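This report refers to the structure that appears directly beneath it.
Read the figures in this text as sums done on the coordinates, not as results from a lab. No experiment lies behind these values; they were computed from the predicted model shown. In this analysis, Cβ positions are derived from the backbone assuming ideal geometry, glycine residues included, and neighbour counts consider all displayed protein chains.
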2 protein chains.
Amino acid sequence: MINLLSNLKIAVPENIFIKDPESSDLGKRIVEHGILLIDEIGFDSFTFKKLGARIESNESSIYRYFESKHKFLVYLTSWYWAWIEYQLVFSTQNITDEEEKLKKAIEIVARIVKQDSAFSHINEVALNRIIINVSSKSYLTTDVDAENKEGHFKIYKRLVSRISQMIQTINPKYKYPSSLASTITQGALHQHFLKNHFKSITDCNDAVSPSEFFVQLTLSTIK
Amino acid sequence: MINLLSNLKIAVPENIFIKDPESSDLGKRIVEHGILLIDEIGFDSFTFKKLGARIESNESSIYRYFESKHKFLVYLTSWYWAWIEYQLVFSTQNITDEEEKLKKAIEIVARIVKQDSAFSHINEVALNRIIINVSSKSYLTTDVDAENKEGHFKIYKRLVSRISQMIQTINPKYKYPSSLASTITQGALHQHFLKNHFKSITDCNDAVSPSEFFVQLTLSTIK
DNA sequence: GCAAATATGATAGTAATACTATTATATTTG
DNA sequence: CAAATATAATAGTATTACTATCATATTTGC
């Protein structure tokens, strides 16, 4: 995976950024340290000014890449889901047993990223933590509908649709493939959050993974 | 339900507010119009200054009830979940069939509030929309752990635990009662959100309710 | 019925935020 | 080497999320 990915560029919708951060050294540093800084201090405390100071650049320069702090988060979540989607497609394409395929897909969206695959300037472990903690803030806004029209969430929706397709293939009569797929994708993040902060309302811990829970849930439901 | 509730006070942990808003006319107006204003302009645009203007009171007076905008949201979510918990306990207590009981409980946490039960100054329909759109912002903060220790989320956790208990009663061998209960509670809100904004990744609509989806999911999973 | 306590209102002030605008200085490219 | 482009520096703005202070109502206890 490491070598393969090193020659790939994860494709994020172009209208999310003003200037593609992958196109320059500064852009990459913005993304690299943006992730680390959000992971350290949280998205609410994160500002372009602080990021500028950290990378010894200027707030105004960052604004030439991202029109707002919010769009930066949308960029990061899109990048993350595109990366997960890549792994999902790559890891499931050679599996012929449809059930095994779905199991693998669930495992990929529900697992925590254990180590940096080091193919780029992006620390996926830190990014994964950010997604668990704040990804829902990228769509919980008054402008969701406008942003959705702009295609800001299309990668996420495509990923959920892929899982929905797998479910339909296994059982074409099952009535709720999309709801189940979106419940898995979003629920897995939630279980990770609960495991870290509200242990009493989850069974997930070091021994029981969200993947395990959702695999059992999914298979028993659609059969 | 209407008459019963009119004599009841929904109990919210005391340390969430500075002064109990139920204890005065101004306090009730803060809550009443706070809900309406957040519903209208969204939580991010909502400020105590705007609320003060709306109720012809003063920003500084509102700060005497709630120490911050964030705590106000925590108050509203606690009130909401306490209200849901009340309905759940009330509606299920006379059901002897454990499976029917669980079905009823799921229906209550997953349904949308259809009309104001009019027992107080609180518009539950608007509050329900707020919960769907922003409730996760109440815990997705850097201070979750500190706030959790203070008991800010105990009502929500107690509600999830009740559902978890019902699941355990039906099948004591099922391994993930708490994860399932938290997935239902949080997933139902998410399905409502998707239905309103990302229709392509949900099967829920006017004909198919989140309740229906989660009842089928739950019963097939735990049996 | 009045003083004391309490609740509310009005005003001002503050540091930080999330930007925009402008101008200057590097760096790259044709 | 000039022109184009990228980055940096500085300043400025409206708003936010408060805190602090003082004044004025309103309620309550005696």
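Could you list, in sequence order, all residues of segment B:52-71 that are more than 11 Å from DNA strand C (Cβ to nearest atom) and either farther than 23 Å from B:GLY151 by Cβ or of a type in the set (S, T, N, Q) (or both)? B:ARG54, B:SER68, listed by residue number.
Of all residues in segment A:137-146, how many are buried (at least 19 other Cβ atoms within 10 Å of the Cβ) and in contact (Cβ under 8 Å) with a residue 12 or more places away in the chain? Going through segment A:137-146 one residue at a time, the tally reaches 3. Scanning segment A:19-38 for residues that are within 10 Å of DNA strand D (Cβ to nearest atom), surrounded by fewer than 20 Cβ atoms within 10 Å (Cβ to Cβ) and either within 14 Å of another protein chain (Cβ to nearest Cβ) or hydrophobic (A, V, I, L, M, F, W, C) (or both) gives a single hit, A:LEU26. Apart from one condition, B:TYR75 fits all of (1) part of a helix (DSSP H, G or I); (2) more than 19 Å from the chain's Cα centre (by Cα); the exception is (2).
For every residue, the table says whether it meets (1) within 14 Å of another protein chain (Cβ to nearest Cβ); (2) closer than 30 Å to B:LYS103 by Cα; (3) within 8 Å of DNA strand D (Cβ to nearest atom).
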position	(1), (2), (3)
B:GLU40	yes, no, no
B:ASP44	yes, no, yes
B:GLU56	no, no, no
B:THR77	yes, yes, no
B:LEU88	no, yes, no
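For beta carbons closer than 6 Å, sequence separation of 6+ or different chains, a first residue in segment A:17-43 that is part of a helix (DSSP H, G or I) and a second that is away from DNA strand C (no atom under 14 Å from the Cβ) and among the basic types (Lys, Arg), the qualifying pairs are A:ASP39/A:ARG129.
Reported count of residues in segment B:194-214, each being of a type in the set (A, V, I, L, M, F, W, C), part of a helix (DSSP H, G or I) and at the interface with chain A (Cβ under 8 Å from one of its Cβ atoms), is 3. The residues of segment B:154-182 that are assigned to a loop (DSSP other than H, G, I, E, B) and more than 9 Å from chain A (Cβ to nearest Cβ), listed by number, are B:ASN171, B:PRO172, B:LYS173, B:TYR174.
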